[in-house]
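The next block holds one structure in the form of structure tokens; read it before the comments.
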Amino acid sequence: MDADALKKQAAARALELVRPGMRLGLGTGSTAKHFVDLLGAKVAAGFSVLCVATSEVTQAQALSLGIPMSTLDETPELDLTVDGADEVDPELRLIKGGGAALLREKIVAAASARMVVIADDGKLVQRLGRFPLPIEVVPFGLEATRRAVVAAIATSGSTGELRLRERPDGSVLVTDGGHYILDAHLGTIAEPEKLALALNVVPGVVEHGLFIGLASGAILAGASGLTILGRIE
């Protein structure tokens, strides 16, 4: 079974968690896209939900499928968010932001009673950091912010190269919020909590891709079946 089929399997299991009338956060990325597609089919058959998207891409996908959409201003408390992850460790700490939606993803996750991660089991790691850590920053004062981020990473016991994320055509990627992303290629993150706190206080950093204490459970699909981490129900 290829990775895409595994992602769809995890998405299908997450769909079983959805109850009629739920207020859902819809994630962004290749695995979350499967979940939205499957949810759209249920809605088309008469299933009732109200959803908030974590990106403009997911918003457009959901609307195209006829899924009723809201905002966090109109619906500030959600029952469940289903989203993917670029990495997840056994303690349910995540790296997210490969799809450049980390800011909205974290806001939606924090507004939810629970967050369940869906992914193929290749995303499970013993230590975070193999996937570059996205750090969303404001364009103003970029070089000053970059230097402060380097210092924050060093004080947390990690080291690595920072790269400004670009689009395939070489232009700077701009997020839905109008920000840039610095990807920190760290290899391994010795103390995720310490790094998260250090980045939180850097002026110019809007958000980072360390999701700690937000996921209540994860559904990971592999060749031998589904693995459940934490609590999904």
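Every number here is computed from the coordinates shown, using simple stated rules; none is lab data. None of the values given here were measured: they were computed from a predicted structure. Reconstructed Cβ throughout: ideal geometry from the backbone, glycine too, with neighbour counts over all protein chains shown.
Numbers for the structure displayed
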item	result
For GLU105, net neighbour charge (Lys/Arg +1, Asp/Glu -1) across residues whose Cβ lies under 13 Å away	-3
Local electrostatic count, GLY177, Cβ distance below 13 Å [Lys/Arg +1, Asp/Glu -1]	-3
Over 21 Å between alpha carbons, listed pairs LYS8/LYS106; LYS7/LYS42; LYS8/LYS42; LYS7/LYS96; LYS33/LYS96	LYS8/LYS106
Rounded if a/c under 1.5, otherwise prolate or oblate - the range 76-164, Cα gyration tensor axes	oblate
LEU65/GLU191 FRET efficiency (R0 41 Å; Cβ-Cβ; nearest 0.05)	0.50
FRET efficiency, ALA12 to GLU56 (Cβ-Cβ, R0 25 Å, nearest 0.05)	0.50
Three semi-axes of the equivalent ellipsoid, the chain, Cα gyration tensor, whole Å, largest first	30, 20, 16
Chain lengthening between LEU72 and LEU164 when straightened (0.36 nm per residue, less Cα-Cα)	30.2 nm
Extension gain, ARG127 back to ALA223 (0.36 nm per residue minus Cα-Cα distance, nm)	32.4 nm
Burial ordering of ILE107, ILE67, fewest other beta-carbon atoms within 10 Å first	ILE107, ILE67
Cut-off 11 Å between beta-carbons: net charge of the residues surrounding VAL49, Lys and Arg +1, Asp and Glu -1	+2
Globularity ratio of the range 185-233, using Cα Rg and 2.2 N^0.38 Å	1.54
Sorted peptide list for 166-173, 1-8, criterion being average Cβ within 10 angstrom, highest first	1-8, 166-173
Förster radius 41 Å - calculated FRET efficiency between ALA110 and ALA41, Cβ distance, rounded to 0.05	0.90
